[in-house]
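The values are calculated or read from the model by the stated rules, or taken from the named source; none is laboratory data. Since this is a predicted model, take the numbers as computed values, not measurements. No Cβ is skipped: glycine too gets one built from the backbone with ideal geometry, and neighbour counts run over all protein chains shown.
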Amino acid sequence: MLACARIGAVHSVVFGGFAARELAMRIDDASPRVVLTASCGIEFQSVIAYKPLLDEAIGIAKHKPAPALSYNESSGSAVDR
């Protein structure tokens, strides 16, 4: 968020558990030029893949952002608690 604020870009933080339809609604509302995402998120003992959800959401959305950039999280392992 801070990096976006520093360059004057608008950002929208989205809950990682959203389904593709909810993401598509937010894409249509925001009409972004580009989407930045992590490849996955870690919630307790499970890894949630974000990129497939984003790809499906862009397919559903009326607004089509040009690129979708994904940070590839290489660890892909859940954190022990």
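Conditions (1) under 19 Å from Ala66 (Cβ atoms); (2) modelled with pLDDT of 85 or more; (3) in contact with a His (Cβ under 7 Å, 6 or more places away or on another chain), marked per residue:
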site	(1), (2), (3)
Val10	yes, no, no
Phe18	no, yes, no
Asp29	yes, yes, no
Ile42	no, no, no
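Within the range 34-54, residues that are surrounded by 16 or more Cβ atoms within 10 Å (Cβ to Cβ) sit with their Cβ atoms under 6 Å from residues that are modelled with pLDDT of 85 or more and assigned to a helix (DSSP H, G or I), at 6+ positions apart or across chains, in these pairs: Thr37/Leu54; Ser39/Lys51; Leu53/Ala20.
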